[in-house]
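The values are calculated or read from the model by the stated rules, or taken from the named source; none is laboratory data. Treat the numbers as computed from the prediction; the structure is a model and nothing was measured. All Cβ positions, even for glycine, are placed from backbone atoms using ideal geometry, and neighbour counts span all protein chains on display. What goes into the accessible areas is simple: the full protein's heavy atoms, side chains included, and nothing from ligands, DNA or RNA. Shrake-Rupley method; radii C 1.70, N 1.55, O 1.52, S 1.80 Å.
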Amino acid sequence: MSEHRPANRPLIIAIDGPAAAGKGTLARRLAGTLGLPYLDTGLLYRAVGRRVLDGGGDPADPTGAEAAARALRPADLDRPDLRGPEADAAATAVAAIPAVRSALLAFQRNFAGERGAVLDGRDIGTVIFPDARVKLFVTASLQARARRRWLELRAKGSDAELSTVETDMRARDALDAARAAAPLRPAPDAALLDTTELDADGAFRAAMSEVARRR
Ligand code: DC
């Protein structure tokens, strides 16, 4: 029966990997090319962290963070203050709390709905959509990722030092990989894409050939 044929399942593209590996640029471009909605799931954790900070709470406190996750509204993702060191740290803290992750699960699954979607994050291919048709694990060396993030910050007028950006990134990577709840790791069936030596076009071409292979 046709509805059971895998080709008829909505196309879900799960893109996981560490910070500044090029996931967002790639995911947005894939979504635009394939006509799919795109969700940057890091924004969910950032918005939860912001809600906790707004209330004067500690993002590492599970009770307050879970309440903030349950109160999250789509409009929170449009806040202008979801980037920067304070939001980074708050997001990493709330992301380590299992009750926060459970509270955000339905939002992510509903987002893809019947239509399919491209989602990027840390646990999309392992926890949120373990059956996603296409899974990419996008990485790059710490030095390459820190440099990209530093250039982005400089373009926005920040005078952050490259060495500080690299130190912060190493610490956040370690927390994301070491936490008990949905640690950052490739799904066994994910295709690895190392962007250290690739520009955005090269990463896009590699990803599109993986999409073609799995569709
Ligand atoms: O990708 P990002 O830097 O915006 O993510 C912010 C934080 O949230 C970071 O610590 C990783 C975490 N995160 C997560 O645990 N799971 C996701 N699906 C997305 C982000």
Complete set of residues in the range 77-104 that are in contact with a Lys or Arg (Cβ under 7 Å, 6 or more places away or on another chain) and either at positive phi or not small (G, A, S) (or both): R79, D81, L82, D88, T92
message: Just the residues that are open to solvent by 20 Å² or more (accessible area, probe 1.4 Å) and over 13 Å from G17 (Cα atoms), please, taken from the range 178-195.
response: A178, R179, A180, P188, D189
message: part of a helix (DSSP H, G or I) and under 20 Å from G121 (Cβ atoms): is that true of A187 in this structure?
response: no
- request: Please verify whether the range 6-25 includes one or more residues that are away from the ligand (no atom under 14 Å from the Cβ), touching a Ser or Thr at 6+ places or on another chain (Cβ under 7 Å) and open to solvent by 60 Å² or more (accessible area, probe 1.4 Å).
  value: yes
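Results for (1) farther than 24 Å from L30 by Cβ; (2) out of contact with any helix residue (DSSP H, G or I) (no Cβ under 7 Å at 6 or more places or on another chain), shown as yes or no for each residue.
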position	(1), (2)
R133	no, no
L136	no, no
R145	no, no
S158	yes, yes
A174	yes, yes
R179	yes, yes
A187	no, no
D201	no, yes
query: For the range 102-124, what are the residues that are within 12 Å of the ligand (Cβ to nearest atom) and farther than 17 Å from R28 by Cα?
result: L104, L105, F107, D123
task: Read through the list (1) within 18 Å of L136 (Cβ to Cβ); (2) surrounded by 15 or more Cβ atoms within 10 Å (Cβ to Cβ); (3) at pLDDT 95 or above; (4) of a type in the set (D, E, K, R), then give the number of the only condition that D201 fails.
output: (2)
task: May I ask you to list the residues in the range 141-165 that are open to solvent by less than 60 Å² (accessible area, probe 1.4 Å) and out of contact with any Ser or Thr (no Cβ under 8 Å at 6 or more places or on another chain)?
output: L142, R145, A146, R149, W150, L153, S158, A160, L162, V165
Qualifying residues in the range 34-56 (those that are outside any helix (DSSP H, G or I) and farther than 30 Å from F204 by Cβ) - the one farthest from the ligand (Cβ to nearest atom): G56
- prompt: So which residues in the range 79-96 are out of contact with any Phe, Trp or Tyr (no Cβ under 7 Å at 6 or more places or on another chain) and within 10 Å of the ligand (Cβ to nearest atom)?
  reply: L82, R83, A87, D88, A89, A90, T92, A93, A96
